[in-house]
There are 2 protein chains.
Amino acid sequence: MPRRDHMGPPWWHGRFRGHGYRITVAREAILDVLSQTEEHLSAEDVYLTVHKSYPNVGLTTVYRTLELLVHIGLVFKFDFGDGRARYELSEGPKGTRHHHHLVCTNCGRVIDYTDFIDDEIELLGRAEKGLSDKFNFRITNHLIQFYGLCDRCQKKT
Amino acid sequence: MPRRDHMGPPWWHGRFRGHGYRITVAREAILDVLSQTEEHLSAEDVYLTVHKSYPNVGLTTVYRTLELLVHIGLVFKFDFGDGRARYELSEGPKGTRHHHHLVCTNCGRVIDYTDFIDDEIELLGRAEKGLSDKFNFRITNHLIQFYGLCDRCQKKT
DNA sequence: ATGATAATGGAAACCATTTTCAATAGCAAT
DNA sequence: ATTGCTATTGAAAATGGTTTCCATTATCAT
Ligand SMILES: [Mn+2]
Ligand SMILES: [Mn+2]
Ligand SMILES: [Zn+2]
Ligand SMILES: [Zn+2]
């Protein structure tokens, strides 16, 4: 059941229309799932959740919709090394904050962190300008991940 | 034909032995290919190159060896979004410098850059300490990539 | 040189993601 | 509300990079 704050069309309808995309139940459902979790869902995860409320939405559509959402910048796609893509809303009504990830190379756990984001942002800003000048590369996005051992996995050795 | 600087065993033999791994022709050949290129090779790329000199080395072995090399930290494994893993020597005799990547989201081109590395290193140092304290996460590695449009791809629109 | 066993390669299996294609649904114009 | 155009969809099949199996071979400590 799609959740809209207080009536009125969901916040992302505008962006959809702007790109000439149609608004469908499958897309509503998928965006709804993404906006109601803190986790990093795989396509199948999304599919299974959507499937509970909308059994007639297929996995193919989930893949296609996620692709589309990534394309218009509503969703980030990550590779945490477990062989499947992971998705996360890039922004939201409640305002998902920009963050980066710690990835445990032993158990695969992924931790969100927002610490140092300000420092990072500043560095990224400088880097983006410098790299843009030097390579004439127009930067639109960045990825920062730390790899290592989470607390649980450190004890086991 | 494995290239050793001036006779004597290749520089990485020590690290191999330390992990209890055996030194084989396939492994020598694969490391040799990696140390002679500036590119970001896929497993198949490595296989095809190795195959010229050693037709009896199989693709399976290439995968296994790359996995092993990543495991002992001699090689970095990347996902640039083209559906296959890319590999790069993490260090070398001539000293491959630590660097990060610019990835063109349109044509897939990957550009190495070493600029801002000093600033990054400093930030990373602070971040690693802070994150280590806060999450008790032992950081061993990091990944930084910028996404955007390369010079060529900007003109085309 | 010998033996224990790590390493290998070819074929088959795996499995996340993509492609195909006929049926359906969204929506702008009536 | 109806129509018509076409974007979207789902099921099944295909794809393709990577892994698994297993009998054979090669490495290396002794
Ligand atoms: Mn996250
Ligand atoms: Mn590189
Ligand atoms: Zn862990
Ligand atoms: Zn490009």
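Brief remarks follow.
- Inter-chain neighbour count for B:70-81: the average number of beta-carbon atoms from partner chains within 10 Å of each residue's beta-carbon is 1.
- Nearest-first distances (nm) between copies at B:Pro55, label 7 Å from Cα via Cβ: 5.8
- The long axis of helix B:59-71 is offset from the longest Cα principal axis of chain B by roughly 60 degrees.
- Ranking of B:His51, A:His98 by count of other Cβ atoms within 10 Å, fewest first: A:His98, B:His51
- Shortest-first distances to equivalent copies, position A:Gly81, nm, label 7 Å out along Cβ: 2.1
- Exposure proxy ranking, count of Cβ atoms within 10 Å, fewest first, for A:Cys153, A:Cys104: A:Cys153, A:Cys104
- Counts of other chain beta carbons within 10 angstrom of each beta carbon in peptide B:120-133 average 4.
- Under 15 Å from a label point set 7 Å out along the Cα-to-Cβ vector of B:Glu91, the amide N atoms of the range B:14-53 belong to B:14-19.
- Cβ charges +1 (Lys, Arg) and -1 (Asp, Glu), total dipole of the range A:9-157, debye: 400
- Local net charge near B:Arg15, Cβ-Cβ under 12 Å (Lys/Arg +1, Asp/Glu -1): +1
- Neighbour net charge for B:Leu102 - beta-carbon separation under 12 angstrom, K R +1, D E -1: -1
- For chain A, the residue among A:Ala26, A:Gly83, A:Thr105 whose Cα projects farthest onto the positive side of the dipole built from Cβ charges is A:Ala26.
- Across A:Lys155/B:Lys134; A:Lys77/A:Lys134; B:Lys77/B:Lys134; B:Lys77/B:Lys155; A:Lys52/A:Lys77; A:Lys134/B:Lys155, pairs whose alpha-carbon gap is larger than 25 Å: A:Lys77/A:Lys134; B:Lys77/B:Lys134; B:Lys77/B:Lys155
- Here the scattering of the protein assembly as shown is modelled by Debye summation over its C-alpha atoms, one equal scatterer each and no solvent; at q = 0.08, 0.12 Å⁻¹ the log10 of I(q)/I(0) is -0.45, -0.98.
- Compared with the dominant Cα axis of chain B, that is its longest principal axis, helix B:25-35 is turned about 30°.
- Think of chain A as a dipole: +1 on every Lys or Arg Cβ, -1 on every Asp or Glu Cβ, centred on the Cα centre; then among A:Thr37, A:Asn136, A:Thr114, A:Thr37 lies furthest on the positive end.
- GNM flexibility winner over chain B from B:Gly81, B:Gly130, B:Gly108 (Cα, springs under 10 Å): B:Gly130
- Cα-centred dipole magnitude for the range B:70-144, charges only on beta-carbon of K, R (+1) and D, E (-1), debye, nearest 20: 280
- Around A:Leu69: net Lys/Arg minus Asp/Glu count, Cβ-Cβ under 15 Å: +1
- Label points for B:Asp118 are taken 7 Å from Cα along Cα→Cβ. From this copy to the others they lie 2.5 nm apart, shortest first.
Quick note: the coordinates plus some simple rules give every number you see, no bench work behind them. Not measured: the values here are computed from a predicted model. Note: ideal-geometry Cβ built from the backbone for every residue, glycine included; neighbour counts use all protein chains shown.
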